[in-house]
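The values are calculated or read from the model by the stated rules, or taken from the named source; none is laboratory data. Remember, predicted model here, so these are calculated numbers, not experimental data. Every residue, glycine as well, gets a Cβ built from its backbone with ideal geometry; the counts of neighbours run over all protein chains shown. Note: areas computed on protein heavy atoms with side chains; ligands, DNA, RNA excluded. Shrake-Rupley method; radii C 1.70, N 1.55, O 1.52, S 1.80 Å.
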Amino acid sequence: MKDLHAIFQPGAIEKLNPVAIDRIICALFYPQYDPGPNCSWERLFQTAPVDHYVTFPQAPFHTRFGPVFYRGRLDGTARVLVIGQDPSTDEILAQRIFVGQAGQIAQHFLGKLGLTRSYLMFNSFLFGVQSTSLSGGAVSETEATIMAYRNSLFDHAQATNPLTAIIAFGSHANNCALNWPGRGSLPIIHLTHPTAPSGVAANWNSHLAAAQNVIAPDSDGHVDTTPYSTSGAMPHLDIPRRDLPFGLPAWHGAGGGTQSQRGAAPNFESQIIWSAP
Ligand code: URA
């Protein structure tokens with residue numbers, strides 16, 4: 001935290017009463033965690049088609065722990081809309097998307113753009129989806145009810161933020177961006193999903209300059225044009241605490257890995273095993 005004495009005239013701080021000092025500190029440096037949705041976002045989240053997911057034919061979704069909606073700024077300061085695929089268990093525990101291994105690798109790409117805060121993330125789906133259902137066509141991100149609700153989130157993001165670009169991680173996310181009527185002329189940076197089995201570094205390298213051209217860094221961010229190494233694991237960045245709810249352990253969303261997994265059968269849908277380091 002900055003020293004207030006370095007910001008104000010000598011002696012000025014001492015003349016303020018403690019309540020005023022407290023207000024200044026709060027305004028300048030807090031909240032350091034995500035306070036959650038404001039009223040308009042909460043109302044929109046409460047209209048999610050949860051029953052539609054729960055009763056979906058062939059039960060492709062993991063619904064027992066409820067939906068996970070977003071990560072990032074809901075306060076009107078997002079410049080980039082980030083789209084992912086679907087939440088897993090680290091996301092359920094944090095109640096924020098893109099928190100586990102995939103999220104931390106994605107965060108590294110945002111870091112290369114100098115984006116430290118001005119983004120808002122949604123997934124293609126509100127619930128985790130079985131990959132076989134997705135690849136086999138039992139469910140699609142363009143299914144009418146799922147798409148209409150997701151587009152209502154995008155519309156509200158567009159109406160309340162100065163969006164300049166979309167980053168879509170994976171082909172399903174890209175499809176979401178392409179099927180959003182409100183997109184207008186927002187450019188889409190379509191990247192391979194962070195945990196795709198291969199080709200992530202090469203793909204991200206091929207889009208890095210274009211992304212840096214259309215997305216300006218945040219004031220405390222540093223643009224890094226160095227290409228990713230195409231050998232070895234993708235680097236990660238810890239999820240900023242300002243994106244997470246107060247009280248989440250410091251190791252969750254950090255260290256590059258996933259901290260949780262589903263229970264073994266028959267508890268796969270009803271149990272999450274959360275492991276501390
Ligand atoms: N977690 C998410 O929230 N989204 C993804 O696409 C992958 C993991």
For Thr77, only one of the following conditions fails: (1) at pLDDT below 95; (2) under 26 Å from Ile188 (Cβ atoms). What is its number? (1)
Condition first: farther than 10 Å from Leu126 by Cα and either in contact with a strand residue (DSSP E or B) (Cβ under 8 Å, 6 or more places away or on another chain) or within 16 Å of the ligand (Cβ to nearest atom) (or both). Now tell me which residues in the stretch 67-80 satisfy that. Arg71, Gly72, Arg73, Leu74, Ala78, Arg79, Val80
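Here is a yes/no grid of residues against (1) assigned to a strand (DSSP E or B); (2) closer than 12 Å to Phe127 by Cα; (3) away from the ligand (no atom under 13 Å from the Cβ); (4) free of Cβ contacts under 8 Å to residues at least 24 places away in the same chain:
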| position | (1), (2), (3), (4) |
| --- | --- |
| His52 | no, yes, yes, no |
| Phe65 | no, yes, yes, no |
| Val82 | yes, no, no, no |
| Asp86 | no, yes, no, no |
| Asp90 | no, no, no, no |
Members of the stretch 110-132 that are touching a residue at least 12 places away in the same chain (Cβ under 8 Å) and closer than 14 Å to Gly170 by Cα: Met121, Phe122, Asn123, Ser124, Phe125
List every residue pair whose Cβ atoms sit under 8 Å apart, with the two residues 6 or more apart in sequence or on different chains, where the first one lies in the stretch 24-45 and is over 22 Å from Ala94 (Cβ atoms) and assigned to a helix (DSSP H, G or I) and the second, anywhere, is open to solvent by 50 Å² or more (accessible area, probe 1.4 Å) and basic (Lys, Arg). Leu28/Lys2; Phe29/Lys2
Six or more apart or on different chains, Cβ atoms under 7 Å: show the pairs whose first residue is in the stretch 168-183 and more than 19 Å from Trp204 (Cβ to Cβ) and free of Cβ contacts under 8 Å to residues at least 40 places away in the same chain and whose second is open to solvent by 30 Å² or more (accessible area, probe 1.4 Å) and not charged (D, E, K, R). Asn179/Thr142; Asn179/Met147; Gly182/Gln158
Can you tell me how many residues within the stretch 103-133 are assigned to a helix (DSSP H, G or I) and either open to solvent by less than 20 Å² (accessible area, probe 1.4 Å) or among the aromatic types (Phe, Trp, Tyr) (or both)? 9
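Every residue, every condition in (1) charged (D, E, K, R); (2) over 15 Å from the mean Cα position of the chain (by Cα), yes or no:
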| position | (1), (2) |
| --- | --- |
| Trp41 | no, yes |
| Pro49 | no, yes |
| Arg64 | yes, yes |
| Gly84 | no, no |
| Val99 | no, no |
